[in-house]
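Novice: Quick one: the structure is below, questions incoming.
Every number in this text was worked out from the coordinates using simple rules, so none of it is lab data. What you see is a predicted model, and the numbers here were worked out from it, not measured in a lab. Note that each Cβ is placed from the backbone with ideal geometry, even for glycine, and that neighbours are counted across all protein chains shown.
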Amino acid sequence: MKRTTSLLLALALAAGLLTGCGAGSGGTTAAASPETYENGMDYAVSEETADAGLSGTEADRLSPNDGRKIIYNASLEMETEEFDATRDKLLEAASGAGAWVQSSDEGGSAENGSRWVRYTFRVPSDSYADFLNDAAAAGSVTYKSETTEDVTADYVDLEARLESLRTQEARLLELAQQAGDLADLLAIEEQLAQVRYEIESYTGQQRVYDSLLAYSTVDVSLNEVRLLTPVSNNFGSRAVTAFKESWHNFASGVQDVVIGFIYLLPVLLVLAVIVLAVFAILRAARRRRPQKPIQPPPAPPAQAPGTAAAGERPAPKYGPEQ
């Protein structure tokens, strides 16, 4: 009995290895030849069990009735001059499509007109196209990107692996019921635990695929601007946009100057008070300083009789000069 159980366990392990190799290469698992064991129980692998990973050909699994497994993703970058209204429209479009917000991030200042918000929506795949149209209509779209990923082959391979592993699990459970030795039972339980671990791992991957297939991911970035980026590039639109931007920059420059003056006003007031205080102190000190008496200019020296002042010619002694 011990020899028979060991033989059965070895065959189960070999079947597991063959199943893993066959599923990894995308092929089907080869059927084992029927064998009848000592105890009279038939552990033959039936034709249906032999193709446990793929019940039918892969082409049957990929038939139009089943549909292909395609994951849809999209990204939108939008601008708006009315931030609150556009954000509300985006959320209404998501609610109407049955979508939900997976993550969000926002910031900016309403006073400066620089608010922004980033949304990641999970949209039911059936409502994916309608949601994109409604979201694009909520504001001005400056960038749009869509990607698709066909995971049909990977999904079919996952199903094949899972079905094969479940078949192994059923075989090992039958062997465990027939084991008459504790050592054989422990060996079977160890193999059964490994198979169940792989089943859980592949089941988790399948759940991830199911979630991505059932709900598309749409990233939306909304920015508040004072002027929308022009969509067309003709001369008229470019000229109007240039004038608007020039006027906007001029108005912003004037506002910046006024705001800067307001920021500097307290400093200017303090400096003015300091200058006035210094001037008053200097003036008071000048008043308290004693002033020197003003000395009269010295009198000119007396002129001796018969002498002429400096620079004057002496009078002629005997009448006018000839």
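Novice: At R0 = 51 Å, how high is the FRET efficiency between Phe279 and Thr229 if r is their beta carbon distance? Nearest 0.05 is fine.
Specialist: 0.35
Novice: With each pseudo-label sitting 7 Å past Cα toward Cβ, what's the Leu185-Leu271 distance in nm, one decimal?
Specialist: 9.5 nm
Novice: Also: For the pair Asp130/Asn112, report the inter-label distance in nm, with labels modelled 7 Å from Cα in the Cβ direction.
Specialist: Using points 7 Å along Cα→Cβ, the separation is 4.0 nm.
Novice: Please give the FRET efficiency for Val101 paired with Arg166, using the beta carbon to beta carbon distance and R0 = 45 Å, rounded to the nearest 0.05.
Specialist: Working: r = 37 Å, r/R0 = 0.82.
That pair, Val101 with Arg166, gives E of 0.75.
Novice: Then there is this: Could you let me know the centre-to-centre spacing of the stretch 94-165 and the stretch 171-218, using Cα atoms, in angstrom?
Specialist: If you average the Cα positions of each part, the centres end up 33 Å apart.
Novice: What list of ³J(HN,Hα) values in whole Hz, one per residue of the stretch 172-184 in order, does the Karplus curve 6.51 cos²θ - 1.76 cosθ + 1.60 (θ = phi - 60°) give from phi, with Gly and Pro shown as x?
Specialist: Computed from phi, the couplings for the stretch 172-184 are 5, 5, 5, 5, 5, 5, 8, 5, x, 10, 5, 5, 5 Hz.
Novice: Additional query: Could you give the length gained on full extension between Tyr263 and Asn73, defined as 0.36 nm per residue of separation minus the Cα-Cα distance, in nm?
Specialist: 63.6 nm
Novice: Between Val254 and Arg287, how many nm apart are label points set 7 Å from Cα along the C-beta direction?
Specialist: Placing both labels 7 Å along Cα→Cβ, they lie 4.6 nm apart.
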